[in-house]
Amino acid sequence: PQLKVSAAAMVIQKGRLLLVRRATPPWQGCWYLPAGYVEADEDPKRAAERELWEETGLQAQCNALHGAYFFDDDPRGNGLLLVYRSHLTGGELNLNGEADRADFFGADELPDPLTGAGHDRAIADWVASSTGS
């Protein structure tokens, strides 16, 4: 099987991280960064922006790479998650059904459980960098 490439938008406002809760399997009921698979001819930054828009109705510009995370815990196959630091540029929160909740969380108030597939480690890295630990 081929390695899947996913891209995520890490949106931080006032020190709080945007997370969405997955409404469908796999990872149903778990919280994650707005993300999805990169299309064959798509720049990963654009994929992260597209997925954020599709899942939340929010628009953002993806900037620097926060991190790259290999994962082997997704039932759909192994992959690589590329996480981009992003800032909102427009839109209004409007969930599409893939996610049933969205909210901003501080480093000391993260929801449980977090999705695997690299999201948990990317979020842990954000917590470490935002708390200085």
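The values are calculated or read from the model by the stated rules, or taken from the named source; none is laboratory data. All figures in this text were calculated on a predicted structure; none of them were measured in a lab. Cβ coordinates were reconstructed from backbone atoms using ideal geometry, including for glycine residues, and neighbour counts include every protein chain displayed. Quick note on the areas: whole protein, heavy atoms, side chains included, nothing else; ligands and nucleic acids left out. Shrake-Rupley method; radii C 1.70, N 1.55, O 1.52, S 1.80 Å.
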Within the stretch 70-113, which residues are hydrophobic (A, V, I, L, M, F, W, C), in contact (Cβ under 8 Å) with a residue 60 or more places away in the chain and under 24 Å from residue 45 (Cβ atoms)?
-> 80, 81, 82, 83, 88, 95, 99, 102, 104, 105
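Conditions (1) more than 15 Å from residue 116 (Cα to Cα); (2) at pLDDT 95 or above; (3) open to solvent by less than 30 Å² (accessible area, probe 1.4 Å), marked per residue:
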| site | (1), (2), (3) |
| --- | --- |
| 16 | yes, yes, no |
| 24 | no, no, no |
| 28 | no, yes, no |
| 40 | yes, no, no |
| 46 | yes, yes, no |
| 49 | yes, yes, no |
| 53 | yes, yes, no |
| 60 | yes, yes, yes |
| 71 | no, yes, yes |
Does any residue in the stretch 36-48 that is farther than 20 Å from residue 98 by Cα come within less than 9 Å, Cβ to Cβ, of a residue that is in a helix (DSSP H, G or I) and open to solvent by less than 70 Å² (accessible area, probe 1.4 Å) six or more places away or on a different chain, and which pairs are these?
-> 42/50
Wholly within the stretch 1-74, strands (runs of 3 or more DSSP E) carrying at least 2 residues that are touching a Phe, Trp or Tyr at 6+ places or on another chain (Cβ under 7 Å) | 4-13, 16-22, 58-71
Complete set of residues in the stretch 80-113 that are closer than 19 Å to residue 63 by Cα, loosely packed, with under 14 Cβ neighbours inside 10 Å and among the small types (Gly, Ala, Ser) | 90, 91
Filter the stretch 114-125 for residues that are part of a helix (DSSP H, G or I) and touching a residue at least 12 places away in the same chain (Cβ under 8 Å) and give the result.
-> 119, 121, 122, 123, 125
